[in-house]
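The values are calculated or read from the model by the stated rules, or taken from the named source; none is laboratory data. Bear in mind that the values here come from a model prediction, so they are computed numbers and not experimental data. Heads up, the Cβs are rebuilt from the backbone with ideal geometry, glycines too, and the neighbour counts pull from every protein chain shown.
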Amino acid sequence: MPSDYPRDLLGYGPTPPQADWPGGARLALSLVLNYEEGGENTVLHGDSGSEQFLADIGPAHIEPLVGARAYNTESMFEYGSRAGFWRIHRLLTSRRIPLTVYGVGMALERNPEAAKAMAAAGWEVASHAYRWINYAGMPEAEEREQMQRAIEAVRSTVGERPVGWYCGRVSMNTRRLVVEEGGFLYDSDSYADDLPYWNHEHGRAHLILPYSLDNNDLRFSTNGIFTAEDFFDYIRDAFDLLYAESAETPKMMSVGLHCRLAGRPGRIGGLARFLDHVAAHGDVWITLRRDIARHWIAEHPPENGR
């Protein structure tokens, strides 16, 4: 077989590394809130049509309304910033649970009160690009300029430069541009593992913290799950299996949330029940993604790990 195949299908194989999480924790748990409302596709932002993804009206992908505003779709996103964000904020801050926000730059700029609340809570705000759009066809120079705008948007609204990156709808240039930028500890544009790993494709070792689209409330918009109990059942089962495996090899788990999805009153109870379930386990490290990255860099540098 050719040795220059660009994908790594082996990973850690049968012998994943001992993560050595702080305090001897068996599992590192990362809760992530995608803050996108106000950065999505709309003609108000100069786009050709309305948003196609993750509106609360059925399948994850919907046909856009071209050349006009889609008022229903816009209002579903507005629910996220007006109500859903604050409901999730109250739940997590009342329990003092750390959270990483994937913050879309334009969305943060349009809701400075939410950005201030993130900072006041001590949450990490990683960059979720400047817009919540598909970057696949974007010219490289434009994507580079948008990356700079995204960094500055987090810095100006939250008060510190982001050290994590997650685009979601990437281009063929995205990861290389992240590496070239040089100020990021990690990116999460991967779903390839249960542990962090090093990528060597762009001239230097670059840390990947894999994310999850299955332990993710986006399933509410795919018709994959409907009730809070469905959501709780799935992420609880994922947690239980990873926790059991972690008796031998500690693992990492990510849970993805969206203001306009998990922030609905009929759904947030599933997240609350999951947090209760996790709290019954004393050896779980609930933490920020940047802290996982710093731990991995210190304990598993690239010369010792894949």
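Could you please give the count of residues in the stretch 180-202 that are among the aliphatic types (A, V, I, L, M) and either surrounded by fewer than 17 Cβ atoms within 10 Å (Cβ to Cβ) or touching an Asp or Glu at 6+ places or on another chain (Cβ under 8 Å) (or both)?
Count: 1.
Of the residues that make up the stretch 214-225, is at least one crowded, with 18+ Cβ neighbours inside 10 Å, of a type in the set (A, V, I, L, M), touching a strand residue (DSSP E or B) at 6+ places or on another chain (Cβ under 8 Å) and not in a loop (DSSP other than H, G, I, E, B)?
Checked the stretch 214-225: at least one residue is crowded, with 18+ Cβ neighbours inside 10 Å, of a type in the set (A, V, I, L, M), touching a strand residue (DSSP E or B) at 6+ places or on another chain (Cβ under 8 Å) and not in a loop (DSSP other than H, G, I, E, B).
Name the single residue that is nearest to Val179 (Cα to Cα) among those in the stretch 100-134 being part of a helix (DSSP H, G or I) and touching a strand residue (DSSP E or B) at 6+ places or on another chain (Cβ under 6 Å).
Keep residues of the stretch 100-134 that are part of a helix (DSSP H, G or I), which gives 105-110, 112-120.
Restricting the remaining residues to those that are touching a strand residue (DSSP E or B) at 6+ places or on another chain (Cβ under 6 Å) gives 107, 118.
Details: Ala107: 24, Met118: 26 Å.
Selected residue: Ala107.
Going through the stretch 27-50 one residue at a time, which ones are of a type in the set (Gly, Ala, Ser) and in a strand (DSSP E or B)?
Of the residues in the stretch 27-50, the ones of a type in the set (Gly, Ala, Ser) are 28, 30, 38-39, 46, 48-50.
Scanning the stretch 27-50 gives Ala28, Ser30, Gly49.
Taking the condition of being in contact with a Gly (Cβ under 7 Å, 6 or more places away or on another chain) and among the β-branched types (Val, Ile, Thr), how many residues in the stretch 64-99 meet it?
2
For the subset of the stretch 139-179 comprising residues that are polar (S, T, N, Q) and more than 12 Å from Gly103 (Cβ to Cβ), which member is surrounded by the most Cβ atoms within 10 Å (Cβ to Cβ)?
Ranking the qualifying residues of the stretch 139-179, first place goes to Thr174.
Looking at the stretch 138-148, is at least one residue under 26 Å from Ile286 (Cβ atoms) and either among the basic types (Lys, Arg) or at pLDDT 95 or above (or both)? Steps first, please.
Taking the stretch 138-148 first, the residues under 26 Å from Ile286 (Cβ atoms) are none.
No, the conditions are met nowhere in the stretch 138-148.
When you go through (1) more than 21 Å from Asp8 (Cβ to Cβ); (2) in contact (Cβ under 8 Å) with a residue 40 or more places away in the chain one by one for Arg161, which number turns out not to apply?
That leaves (2) as the condition not met.
Quick one: in the stretch 194-239, which of the residues that are in contact (Cβ under 8 Å) with a residue 60 or more places away in the chain and among the hydroxyl-bearing types (Ser, Thr, Tyr) is nearest to Gln18 (Cα to Cα)?
Among those that are in contact (Cβ under 8 Å) with a residue 60 or more places away in the chain and among the hydroxyl-bearing types (Ser, Thr, Tyr), it is Tyr197.
State all residues of the stretch 208-257 that are more than 23 Å from Arg294 (Cα to Cα), in contact with a helix residue (DSSP H, G or I) (Cβ under 9 Å, 6 or more places away or on another chain) and among the hydroxyl-bearing types (Ser, Thr, Tyr); if no residue qualifies, say none.
Scanning the stretch 208-257 gives Thr227, Tyr234.
Can you work out which of the residues in the stretch 85-126 that are of a type in the set (D, E, K, R) and touching a helix residue (DSSP H, G or I) at 6+ places or on another chain (Cβ under 9 Å) is surrounded by the most Cβ atoms within 10 Å (Cβ to Cβ)?
The selected residue is Glu124.
Every residue in the stretch 160-198 that is outside any loop (DSSP other than H, G, I, E, B) and either farther than 19 Å from Glu299 by Cα or at pLDDT below 95 (or both), please.
Trp165, Thr174, Arg175, Arg176, Leu177, Val178, Val179, Glu180, Glu181
Restricting attention to the stretch 226-278, report how many residues are under 25 Å from Trp132 (Cα atoms), touching a Leu at 6+ places or on another chain (Cβ under 6 Å) and among the small types (Gly, Ala, Ser).
Total satisfying the criteria: 1.
For Pro265, all conditions in the list (1) touching a strand residue (DSSP E or B) at 6+ places or on another chain (Cβ under 9 Å); (2) more than 25 Å from Thr15 (Cα to Cα) hold save one; what is the number of the exception?
Failing condition for Pro265: (1).
Return yes or no: is Ser156 assigned to a loop (DSSP other than H, G, I, E, B), closer than 24 Å to His128 by Cα and among the polar types (S, T, N, Q)?
Against the criterion (assigned to a loop (DSSP other than H, G, I, E, B), closer than 24 Å to His128 by Cα and among the polar types (S, T, N, Q)), Ser156 does not qualify.
Restricting attention to the stretch 199-208, which residues are part of a loop (DSSP other than H, G, I, E, B) and on the phi < 0 side of the Ramachandran plot?
Of everything in the stretch 199-208, those that are part of a loop (DSSP other than H, G, I, E, B) and on the phi < 0 side of the Ramachandran plot turn out to be His200, Glu201, His202, Arg204, Ala205.
Of the conditions (1) in contact with a Ser or Thr (Cβ under 9 Å, 6 or more places away or on another chain); (2) buried (at least 21 other Cβ atoms within 10 Å of the Cβ), Leu257 satisfies every one except a single condition; which number is it?
Looking at each condition in turn, Leu257 falls short on (1).
Scan the stretch 231-249 residue by residue and report those that are surrounded by 15 or more Cβ atoms within 10 Å (Cβ to Cβ) and not basic (Lys, Arg).
Selection gives Phe231, Phe232, Asp233, Tyr234, Ile235, Ala238, Phe239, Leu242, Tyr243, Glu245, Ser246, Thr249.
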